[in-house]
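The values are calculated or read from the model by the stated rules, or taken from the named source; none is laboratory data. Predicted model only: the values in this text are computed from it and were never measured. Positions of Cβ are backbone-derived with ideal geometry, glycine not excepted, and every protein chain shown enters the neighbour counts.
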Amino acid sequence: MVDCMSIRKYFKNRESYIFLMTIILWVSISTTNLNFANPRYLLELIGVNSVYFICALGVLPLMIKGHFDLSIGGMIAFTSVLLSAIGSWFFLPAPLVILIGAIIGLLVGMLNGALISKFKVSSVVVTLATMYIFYGVSKYIYNTFTEHFRIIGEYKIQDYNGIIENMSVLIMALLTYLILKHTNFGRSVYAFGGDRKLAIQKGYHESVSIIKAHGYCGLSAGVSAALHLITFNQNSVDAYLNIEFELIIIVILGGLHILGGYGTVFGTLIASFFITILKSGLVFARIPVFWHDMMIGAIIILVIAYGVFKERYKKRNIKVGET
């Protein structure tokens, strides 16, 4: 007999509910479209949407800290035009493209973190400003030198069923997990997200943690820019305009506490997969695009409402226990 207490413990976290919702959604869509029952198709689906998986993992430590980066789309655009420019001068294999993209993104992200740390300004304000700068510079480079960019055919990977993209998602997930669970930086992320004053008392350096968190977010944007070029073999400055808001949805749906202090790699991956399956299922069902956004918005409201009621229930039980 299954222990009822163990079942309750399993469904204690929001990640368990989104995992169950994902399974139900996948089974429901698979009954009407057999493509979704094919593991190969699911891997291709993850590959095509790898940018969302990787950026969600990259922004996770930042949101656990209680920060956010509004310039992710701008960093992707900026990195992609630089990679296109470099690719117009040199032959670059796919792994090298990803490595260069990661380095560019890391440096740009650390610049964001340094500005926030130096001027003691909200991450939203600083990254809003840098978002416009990155998009502006990207459009200038693209429009000025676009005739010199050749098609990036040299590092387009064909007939591999998205193996480069899927491996990148897997590596990013493992790296994020190891950073959060087994490094001093990861412990500082949870500490500052939970209680800033207590984190400082424990000896964590806030400025270092901020720069590293934004640098990691930038790294994910740089890798995503490279994967976009590899997957679609084209450069578009506005391809990921407003991606930041979709990332907020994914990470919150994956169990992140809105005020920071808690979030998991597993929850983020499952939420990314849920949104990917939902969007693809709605496309196959030929449901108008505006319904996609409305449904995702409704799901987020339900998830937030669940979190609020759960916290109220906890506080009420604590008060009852004290009396």
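What to note about this one:
- Taken over segment 22-49, the criterion of being outside any loop (DSSP other than H, G, I, E, B) and more than 30 Å from Ala226 (Cα to Cα) is satisfied by Ile23, Ile24, Leu25, Val27, Ser28, Ile29, Ser30, Thr31, Thr32, Leu34.
- In summary, Gln158 fulfils each of the numbered conditions (1) at pLDDT 90 or above; (2) outside any helix (DSSP H, G or I); (3) of a type outside the set (A, V, I, L, M, F, W, C) with the single exception of condition (1).
- Residue check, Gly105 closer than 16 Å to Ile230 by Cα and under 19 Å from the mean Cα position of the chain (by Cα): no
- Gly66 meets the conditions (1) part of a helix (DSSP H, G or I); (2) closer than 21 Å to Ser209 by Cβ; (3) under 18 Å from the mean Cα position of the chain (by Cα); (4) modelled with pLDDT under 95 in every case but one. The failed one is (1).
- Just one of the listed residues (Gly255, Gly267, Gly261) is within 12 Å of the chain's Cα centre (by Cα), under 25 Å from Tyr177 (Cβ atoms) and at pLDDT 80 or above, and it is Gly267.
- Residue within segment 100-119 that is in a loop (DSSP other than H, G, I, E, B), assigned by TED's automatic domain parsing to the domain that holds Phe232 and not hydrophobic (A, V, I, L, M, F, W, C) present: no
- At least 1 residues being of a type in the set (Gly, Ala, Ser) and farther than 30 Å from Ser188 by Cβ is the threshold, and among the helices (runs of 4 or more DSSP H) wholly inside segment 218-323 those reaching it are 265-284, 289-322.
- Of the residues making up segment 36-80, those that are more than 19 Å from Thr176 (Cβ to Cβ), in contact (Cβ under 8 Å) with a residue 24 or more places away in the chain and surrounded by fewer than 24 Cβ atoms within 10 Å (Cβ to Cβ) are Phe36, Arg40, Leu43, Glu44, Leu45, Val48, Leu70.
- Test: residue in segment 82-93 that is within 17 Å of the chain's Cα centre (by Cα) and buried (at least 24 other Cβ atoms within 10 Å of the Cβ): no
- Among the residues listed as Phe273, Phe232, Phe284, the single one being over 13 Å from the mean Cα position of the chain (by Cα) and farther than 28 Å from Phe134 by Cβ: Phe284
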